[in-house]
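Participant: Please read through the structure below; I'll follow up with questions.
The values are calculated or read from the model by the stated rules, or taken from the named source; none is laboratory data. Remember, predicted model here, so these are calculated numbers, not experimental data. Note: ideal-geometry Cβ built from the backbone for every residue, glycine included; neighbour counts use all protein chains shown.
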Amino acid sequence: MVTPAVRREAVAYLCEAFAVSQRRACSVIGIDRTSVRYVSTRSDDQAVRARLRELAAVRCRFGYRRLHVLLDREGIVLNHKKLRRIYAEERLQVRRRGGRKRALGTRAPMVLPSGPNQRWSLDFVSDALTDGRKPPAEAALRCWYLVMMLRS
């Protein structure tokens with residue numbers, strides 16, 4: 001995808017190199033003349049960008065919302081959506097903190113029974129915990145699996 005700025009340069013090149021009108025150059029390239037004639041009215045944000053970088057360097061754990069409040073207090077009135085766009089373009093996002101470090105090392109493997117009557121499990125049809133939820137069936141399934149392994 002070609003940006004409008006590159007298209008404008010292409011039209012200017014065609015007009016100079018081949019001495020054709022802007023209308024002809026636009027029709028050859030296949031773009032609208034209003035795209036070529038467009039002049040941006042966006043204000044210059046360099047002062048805001050510089051102040052935002054300074055505040056973000058001093059207050060490194062502040063996000064764009066809290067920096068917006070600080071800019072408002074200084075008299076720099078700015079739309080919060082525009083501030084967020086500038087904040088993202090300057091790559092000032094607050095880095096997420098790392099999670100809690102987990103314990104390293106190997107876990108002890110589950111000991112397999114070596115003979116009968118070394119592991120017992122309860123056989124039940126239905127059960128409930130004190131809060132009414134059903135208990136997990138993993139323990140019973142694990143015991144059943146071990147019994148099947150020993151039988152084979």
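Participant: Out of (1) more than 23 Å from the chain's Cα centre (by Cα); (2) assigned to a helix (DSSP H, G or I); (3) in contact (Cβ under 8 Å) with a residue 24 or more places away in the chain, what's the single condition that is false for ARG53?
Facilitator: (1)
Participant: Given the criterion closer than 21 Å to GLU90 by Cβ and either loosely packed, with under 13 Cβ neighbours inside 10 Å or of a type in the set (Val, Ile, Thr) (or both), identify the matching residue among ALA47, ALA56, ALA17.
Facilitator: Of the residues listed, the single one that is closer than 21 Å to GLU90 by Cβ and either loosely packed, with under 13 Cβ neighbours inside 10 Å or of a type in the set (Val, Ile, Thr) (or both) is ALA47.
Participant: Another question, then. Taking GLU89, is it at pLDDT 80 or above and either closer than 30 Å to PHE62 by Cα or not assigned by TED's automatic domain parsing to the domain that holds TYR64 (or both)?
Facilitator: yes
Participant: Please work out which residue is surrounded by the most Cβ atoms within 10 Å (Cβ to Cβ), limiting yourself to segment 78-104 and to residues that are within 12 Å of ASP45 (Cα to Cα) and of a type in the set (A, V, I, L, M, F, W, C).
Facilitator: Of everything passing the filter in segment 78-104, LEU83 is surrounded by the most Cβ atoms within 10 Å (Cβ to Cβ).
Participant: Which of the following residues is small (Gly, Ala, Ser), part of a loop (DSSP other than H, G, I, E, B) and under 31 Å from the mean Cα position of the chain (by Cα): GLY99, GLY75?
Facilitator: GLY99
Participant: Go through (1) touching a Cys at 6+ places or on another chain (Cβ under 9 Å); (2) at positive phi; (3) aliphatic (A, V, I, L, M) one by one and return the number of the condition ALA19 breaks.
Facilitator: Exception for ALA19: condition (1).
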